[in-house]
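Data block below; observations after.
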Amino acid sequence: MSAVPFSQACENNKAPILEVISQVFSSSKLVLEIGTGTAQHAVYFAQALPHLTWQTSDQACYHVGIKAQLEQARSQGIANTDPIANIQGPLILDVTQPWPLISGQEELDGIFTANTLHIMAKEMVEAFFIGIGERLRAQGNLCIYGPFNYDASYTSESNARFDIWLAQQDPRSAIRDIEWIIELAETQGLRLVGDHSMPANNRLLHFVKS
Ligand SMILES: C[S@@+](CC[C@H](N)C(=O)[O-])C[C@H]1O[C@@H](n2cnc3c(N)ncnc32)[C@H](O)[C@@H]1O
């Protein structure tokens, strides 16, 4: 088996995120995750939300790790049961490229992403919202986890330091202004209905498509 990726941050934030998304996605059938990364969130959320299908996706370079994580979760099933039968293996989805077709796509009523918008360049964030506007069903829910600035200010010293670190990794990455995110969402018919406080000065934004 390939190395199973691990993020301590995912371990720390998965329970608080689940508390919110279990309400938001309580009647969802099909949720697409963009930027699945280590797939720790996918495994944890899908097991806690067996009524829905969790569709993983990411850029191709992440797929080996995602598949290793899913394989490990499946190997922990008791008596040959598949504990993550409701997870679909990763689709290649780079938000700037044509988005892949998703099985059962007409039912795509939820989209989740964590820690992606501050990694993406500005034009990628714009492409992210255009794709969501095209794919998410009316009345569908979008949940975005990550750090955001308010009134052009950091919400903490640690976020200010993190932003400097981000710029050192890639000058196109940056913590985004929530006002800009709301504006992009509104151009796609999405309205902010929840802004939840999360661990380590992060937020969970909940949008609904009209
Ligand atoms: C910091 S990781 C977060 C991974 C995981 N969601 C988490 O919370 O640990 C950033 C993620 O953004 C994704 N990403 C960056 N640019 C992207 C793009 N253009 N299209 C799709 N995903 C992108 C990366 O592939 C990666 O999975």
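Every read-out reported here was derived from the displayed coordinates using simple, explicitly stated rules and does not represent laboratory data. It should be emphasised that the depicted structure is a prediction, and the values quoted were computed from it without experimental measurement. Note: ideal-geometry Cβ built from the backbone for every residue, glycine included; neighbour counts use all protein chains shown.
Taking the Cα centre of region 8-209 as reference, the dipole from Cβ charges on Lys and Arg (+1) and Asp and Glu (-1) amounts to some 340 debye. Over what distance in Å are the Cα centres of region 78-98 and region 140-210 separated? Taking the Cα centre of region 140-210 as reference, the centre of region 78-98 is 26 Å away.
Using only side-chain charges placed at the Cβ, +1 for Lys and Arg and -1 for Asp and Glu, the dipole size of region 117-210 relative to its Cα centre rounds to 340 debye.
Computing FRET efficiency as 1/(1 + (r/R0)^6) for E107 and A152, where r is the C-beta to C-beta distance and R0 is 35 Å, gives about 0.35.
For region 17-34, putting each phi into the Karplus relation 6.51 cos²θ - 1.76 cosθ + 1.60 with θ = phi - 60° gives couplings of 5, 4, 4, 7, 6, 5, 7, 4, 9, 4, 10, 7, 9, 9, 10, 9, 9, 9 Hz, in residue order, rounded to whole numbers and with x for Gly and Pro. To the nearest ten degrees, helix 122-135 and the longest principal axis of the Cα atoms of the chain are 50 degrees apart. To the nearest 10 degrees, how steep is helix 157-169 against the longest Cα principal axis of the chain, on a 0 to 90 scale? Roughly 80 degrees between the two axes.
Rounded to the nearest 10 degrees, the inclination of helix 63-75 to the longest alpha-carbon principal axis of the chain is 40 degrees. The label-point distance for S26 and T81, in a model that sets each label 7 Å from Cα toward Cβ, rounds to 2.4 nm. Ranked by how many other Cβ atoms sit within 10 Å of their own Cβ, fewest first, the residues W180, W165 fall in the order W165, W180.
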